[in-house]
1. So, HIS428, is that one farther than 21 Å from ALA185 by Cα, touching a residue at least 40 places away in the same chain (Cβ under 8 Å) and in contact with a Lys or Arg (Cβ under 9 Å, 6 or more places away or on another chain) or not?
2. Quick one: which residue in PHE135, PHE142 is buried (at least 24 other Cβ atoms within 10 Å of the Cβ), within 18 Å of the chain's Cα centre (by Cα) and in the same structural domain as LEU187 (by TED's automatic domain parsing)?
3. What is the residue count in region 249-298 for residues that are in contact with a helix residue (DSSP H, G or I) (Cβ under 8 Å, 6 or more places away or on another chain), within 19 Å of LEU430 (Cα to Cα) and not small (Gly, Ala, Ser)?
4. Being surrounded by 24 or more Cβ atoms within 10 Å (Cβ to Cβ) and over 19 Å from THR416 (Cβ atoms) is the requirement here; does PHE257 meet it?
5. Just to be sure, is ALA206 part of a helix (DSSP H, G or I), modelled with pLDDT of 65 or more and either over 27 Å from GLY93 (Cα atoms) or not assigned by TED's automatic domain parsing to the domain that holds CYS264 (or both)?
6. May I ask you to list pairs of residues, at least six apart or on different chains, whose Cβ atoms are under 6 Å apart, with the first in region 225-242 being charged (D, E, K, R) and the second being modelled with pLDDT of 95 or more?
7. Among the numbered criteria (1) buried (at least 24 other Cβ atoms within 10 Å of the Cβ); (2) in a helix (DSSP H, G or I), which single criterion is violated by VAL368?
8. Could you check how many residues of region 250-272 are over 16 Å from ALA164 (Cβ atoms) and either touching a His at 6+ places or on another chain (Cβ under 6 Å) or assigned to a helix (DSSP H, G or I) (or both)?
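The values are calculated or read from the model by the stated rules, or taken from the named source; none is laboratory data. Nothing here was measured: the structure is a model prediction, and the numbers come from that model. Here Cβ is always computed from backbone atoms with ideal geometry, including for glycine, and neighbour counts include all displayed protein chains.
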Amino acid sequence: MKQVCRVYSTDLSYAGVVSIHARFSTSHLRKLPCRARVLAKCPSASAIDFLPPKLDTPMSTFSPPLNSDEIPSVLPTSCDDEETSKCMGAILGAMCGNVLGAPVQNDRHWVVMKRWPDGLTDFWRFDVGPDAVPFGHYTGDFSLLLATTKSLVTSASCSAPDIAKALSELTEAEQHASRNYSPYARLVLTALSEPGVRLASIPYLAEKFLNATTSRRSHITSDRSEQEPFGPSDNGAAARILPVALAFRNKSVPQLFSAVHEACSFSHAHTIGMEGARVAAATAHWLIQQQRPATASDTVEAAAGKLPDHPVESGPEALLKYLLEKIAMTDDMRGKLKLMQKRMFQMDKVRSWRQMYETTEWSTLVSVHSSLTRHDYATSGTEAVAVALWCLVTNWCRPEQAVIVSATLAGSVPVTSQITGGFAGTLHGLDWIPERWLKNLENGVDGRDQVLELARGIAGFDSLVVLQREDDPDFLVDLVEENVENN
C-alpha cells in the first residue's frame with residue numbers, strides 16, 4: 001500500500017522536510033533514512049514526533065513526554081529488606097541496562113561518542129537500527145531472562161524442560177517478532193516450538209546449520225555484526241542466567257553450577273558459552289553476599305569526585321581474584337581476568353562526558369575493551385561477561401556510571417549493558433537506579449511492575465528451589481570432565 005511520510009533530515013543543524021512515496025516492504029524500509037524507517041514502522045506516530053532536538057538541547061536529555069497515566073504515584077526506588085532489594089535491583093538493573101543499550105546495538109564506541117557527545121545517560125527515543133525497538137522497550141535478550149525468571153518462580157525449581165517451555169511460549173505469543181532477537185536465539189525459539197523436540201539436540205543441530213551459511217564461514221575476517229559467530233558459544237546464556245544465580249544465592253557454588261548447566265545446556269552446550277554463563281552466575285552469587293558499598297553520593301568525597309573507601313576483602317580486587325582462582329575453567333576466561341587485574345583502576349565521577357572522552361582513563365577503558373573482545377562486539381559468552389565485569393570493577397561505587405560506560409562502549413549491547421546492570425543491582429540493591437530510567441520503562445504486559453513482582457518472587461526463595469534433571473544421559477555433561485579437558 002502506498003503511503004506518504006514526512007522525513008526530517010538527519011543533519012541536526014536544520015529540519016529539511018521531504019515527502020517520500022514508497023511501498024514499505026522490508027527492502028524499501030532499509031533504504032530509507034533512519035527516521036523514515038521509524039515513522040513507517042509506527043504509522044500512528046505524528047511526523048512532528050520525529051523532529052531532531054534543537055542544537056542547544058543535549059541529545060542525552062531529549063526524552064518524549066509521558067502519559068501521566070503511565071507514571072505511578074510512587075516509583076519502586078527502595079526496599080527495606082536487603083536481599084529483596086538486591087534481587088529487585090538486579091533484575092530491574094538488567095532491564096534498564098538493556099533498554100539504555102538497545103538503540104546502539106552493534107554500533108562502535110566512536111559512533112556513540114559522536115552521536116551522544118554529552119553522554120548516553122538516558123534512554124533514547126530513536127532506534128536507528130533496521131529492527132527498531134520502541135522507546136523504553138527491552139529487546140529479546142531481556143525477554144529470555146524474564147522467561148527464565150517466570151519458570152523459576154512458577155515451578156519453584158530449576159528444570160530444563162520448564163525453562164524450555166517458558167522460552168517456547170515467547171514464540172507462541174509471537175513476541176519474538178518485535179523484540180529484536182539474535183540470529184541464534186531465533187533459531188532456538190523456533191526449535192523449542194516444534195512438538196517433540198529433543199532438547200539435547202538443539203545446540204548441535206543449530207551449530208551445524210549456522211556453520212553451513214556464508215555469513216558464519218566468513219566471520220573470522222569480517223567485522224560486520226551480522227557475520228559474528230552467533231551460536232552455542234555466544235552470550236545468550238550469560239545474558240539470561242541472572243535469575244538462576246539469585247534463586248541459588250544461599251546454595252553452594254557446585255549446586256549453583258549444576259543449576260546453571262540445567263538452565264543453559266539445551267541451548268549453549270559449548271565450552272565458551274557455558275563458561276560465560278558460569279562466570280556471570282558466580283559473579284552475581286558472590287556480589288549478593290557482599291555488604292553494599294557506599295556510593296560516591298553518600299560521602300563527603302562526592303564533591304571532589306573521589307572513590308569512597310571499601311573493604312579490600314569485598315572490593316573489585318577480591319572479586320577478580322575469586323573468579324580467577326575459584327571459578328574460571330578456560331584459559332580464555334583466565335586471560336581476560338588477568339588482563340583486568342593488571343589494568344584495573346577506578347573512574348572518577350564523570351561531570352562532563354565530552355571531557356571524559358579526551359582523558360587517558362577513557363583510552364584505557366576502550367583499549368582493554370578491545371583486548372577483551374574480537375572486533376569490539378563481545379559476541380561470545382566469555383567476552384560479554386568480561387566486558388560487563390570491566391565496567392563494574394572500574395566503577396565499583398558508581399553503578400549508574402558503570403551501566404552508562406557499558407552502553408557507550410557499544411558492540412554487543414544491550415547484552416553487555418544488561419549484564420552490567422544486573423551486576424550493579426546485585427551489589428548495590430534497588431536504590432541506585434535513577435527515577436528518570438524507572439519512569440520511562442515499558443509498563444504493560446511483562447513491563448516494569450510485573451518484572452518487580454517476579455523479582456520479589458525470586459527473593460522469596462531460600463531452600464525451595466530444587467534442581468530437577470532429565471533422565472536422558474546424553475543431555476548431561478560432567479562439569480569435572482569438562483574442566484579437565486579445558487586444562
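1. Taking the combined requirement at face value, the residue satisfies it.
2. The unique qualifying residue is PHE142.
3. Summing the residues that are in contact with a helix residue (DSSP H, G or I) (Cβ under 8 Å, 6 or more places away or on another chain), within 19 Å of LEU430 (Cα to Cα) and not small (Gly, Ala, Ser) in region 249-298 gives 11.
4. Considered against the rule, which asks whether it is surrounded by 24 or more Cβ atoms within 10 Å (Cβ to Cβ) and over 19 Å from THR416 (Cβ atoms), PHE257 comes out as no.
5. Here the answer is yes, as ALA206 does meet what is asked.
6. Matching pairs, first to second residue: ARG240/LEU144; ARG240/LEU145; ARG240/THR148.
7. Here VAL368 meets the rest and fails (1).
8. The qualifying residues number 8.
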